[in-house]
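Reviewing the structure listed below.
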Amino acid sequence: MDTVKELIQFIQPNQRLDLKAVALTHVLSLTGSTEGKDAILSLDDMLIAIFGLTLDASATIAKDAVLSLINLTAEEAGAIKVFELALQVQPRFAIVDVAAKQICDEQAELADAWSMVLSNLTRVESLVPAILDALEKVLPQLAKAFAKLDYNKKKSKLHYLAPIFCNLTQVSRGRELCCQPKYQLLEKLLPFASFEESVVRRGGTIGIIKNICFDVVYHDVILNEQDDILVAILQPLCGPEEFSDEDNEKLPIELQYLPESKTREIDPDLRKMLLECLLQLCATRRCREVLRAKGVYEILREYHKWEAKVGRDSECLLACENVVDILLKKEEEIGLDNYHNIEVSADQADKFIQDDAAYVKTLLD
């Protein structure tokens, strides 16, 4: 610990460039281990010095300082410590404002690094309300930066904006802002649910949709006449299979007559999230009727065949079965408007899990 403390004097903003560079390189290496991170996070003066160096005139120094913050905020305790200290220090270090400004700057060299810092901070649900306060005015600009693939002229990809938006929708206000027509955030984000070049961008976008689907308030927004959100959910689950004309007529126009080259989402975790979105949308009778009318069962029928033979993920198969079981039933059989009103005991839940696991095993054997 004493050795770590000695580094503080050498990473002050007014220190000689060569000393800062060497000392900060050592600090960055320390953040790569749990013990090193714990030591640094216990030293407020060191964290304050790192804050200052993120704005250093030297690009190398600034980069190493931001990279250090990425590592220091990787776990919840570190993220909370960094965020709260940034608010307390005088003069205050507006870490969210700094990150947003860098991300929105087309010429910023460290836009990707800062987006990773902000992604780490927003992962902590307790911090999200305060972060939303700081970000609300720049959300449209952040969405613009995300939606335009060549936005950053210094080759930053900005993929981590997707998990940032996803993390913000953990809370009701984040979901509200994302769905507000005046911001059109959701419209800008949706196309990236099928973005093949980055699983981070795809996963974050699908996470946004999932968070919104889990909030019944937005089910009418999701199942709108444009079908854009439903298409974003279903498209990654679609393959190149041909449907009859009768089945095709049910599908949203974007999902009709897909090419032979069409592939499904390769990440089983993301496929499961998409299926969980559909399950949540099955909660009410009106939504179930919309899903049936839009050909969701027909798409899942073909998906189920593929998952059993090719994907072979038991959790995805079970998630698919759960949706199909509901869609195949007539409303007279279901006998209730909202599944969320059903209370299941712990014993019943355990039995369902065991029965489901045994059933899915038979499909994969």
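The values are calculated or read from the model by the stated rules, or taken from the named source; none is laboratory data. Remember, predicted model here, so these are calculated numbers, not experimental data. Don't worry about glycine lacking a Cβ; one is built from the backbone with ideal geometry, like all the others, and counts go over all protein chains shown. What goes into the accessible areas is simple: the full protein's heavy atoms, side chains included, and nothing from ligands, DNA or RNA. Shrake-Rupley method; radii C 1.70, N 1.55, O 1.52, S 1.80 Å.
For the range 1-28, the set of residues classified as farther than 20 Å from Leu55 by Cα and either modelled with pLDDT of 95 or more or open to solvent by less than 50 Å² (accessible area, probe 1.4 Å) (or both) consists of Val4 only. Selection of the range 232-269 for residues being among the polar types (S, T, N, Q) and open to solvent by less than 10 Å² (accessible area, probe 1.4 Å) yields only Asn248.
Count of the range 184-226 residues, restricted to those that are open to solvent by 30 Å² or more (accessible area, probe 1.4 Å), within 19 Å of Ile266 (Cα to Cα) and not in a loop (DSSP other than H, G, I, E, B), is 5.
When restricted to residues that are within 11 Å of the chain's Cα centre (by Cα) and among the aromatic types (Phe, Trp, Tyr), the range 186-206 contains 0. Among the residues of the range 328-339, which ones are assigned to a helix (DSSP H, G or I), among the hydrophobic types (A, V, I, L, M, F, W, C) and over 20 Å from His304 (Cβ atoms)? Hit for the range 328-339 is Ile334, nothing else. Among the residues of the range 168-183, those identified as open to solvent by 20 Å² or more (accessible area, probe 1.4 Å) and either touching a Pro at 6+ places or on another chain (Cβ under 6 Å) or part of a helix (DSSP H, G or I) (or both) are Ser172, Arg173, Arg175, Glu176, Cys179, Tyr183.
Yes or no, residue by residue, for (1) surrounded by 19 or more Cβ atoms within 10 Å (Cβ to Cβ); (2) at pLDDT below 95; (3) under 15 Å from Gln235 (Cβ atoms):
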{"site": "Arg271", "(1), (2), (3)": "yes, no, yes"}
{"site": "Leu274", "(1), (2), (3)": "yes, no, yes"}
{"site": "Leu281", "(1), (2), (3)": "yes, no, no"}
{"site": "Ala293", "(1), (2), (3)": "no, no, no"}
{"site": "Glu298", "(1), (2), (3)": "yes, no, yes"}
{"site": "Lys305", "(1), (2), (3)": "no, no, no"}
{"site": "Val310", "(1), (2), (3)": "no, no, no"}
{"site": "Glu315", "(1), (2), (3)": "no, no, no"}
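For the range 105-135, taking the residues that are polar (S, T, N, Q) and under 17 Å from the mean Cα position of the chain (by Cα), the one that is most open to solvent (accessible area, probe 1.4 Å) is identified as Ser126.
Kindly establish whether Leu69 is surrounded by 16 or more Cβ atoms within 10 Å (Cβ to Cβ), at pLDDT 95 or above and either over 26 Å from the mean Cα position of the chain (by Cα) or closer than 15 Å to His26 by Cβ (or both). It is false that Leu69 is surrounded by 16 or more Cβ atoms within 10 Å (Cβ to Cβ), at pLDDT 95 or above and either over 26 Å from the mean Cα position of the chain (by Cα) or closer than 15 Å to His26 by Cβ (or both). The criterion of at least 1 residues that are closer than 19 Å to Leu110 by Cα is met by the following helices (runs of 4 or more DSSP H) wholly inside the range 1-78: 17-30, 44-53, 59-72. Within the option set Asp64, Asp97, being touching a Leu at 6+ places or on another chain (Cβ under 6 Å) and open to solvent by 10 Å² or more (accessible area, probe 1.4 Å) holds for one residue only, Asp64.
Condition check ((1) of a type outside the set (A, V, I, L, M, F, W, C); (2) in contact with a Phe, Trp or Tyr (Cβ under 9 Å, 6 or more places away or on another chain); (3) more than 17 Å from Leu161 (Cα to Cα)) across all residues:
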| position | (1), (2), (3) |
| --- | --- |
| Glu75 | yes, no, yes |
| Gly78 | yes, no, yes |
| Phe83 | no, no, yes |
| Val89 | no, yes, yes |
| Arg92 | yes, no, yes |
| Val98 | no, yes, no |
| Lys101 | yes, yes, no |
| Asp105 | yes, no, no |
| Ala108 | no, yes, no |
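For the range 84-165, the helices (runs of 4 or more DSSP H) that sit wholly inside it and include 1 or more residues that are in contact with a Lys or Arg (Cβ under 7 Å, 6 or more places away or on another chain) are 111-122, 128-135, 139-147.
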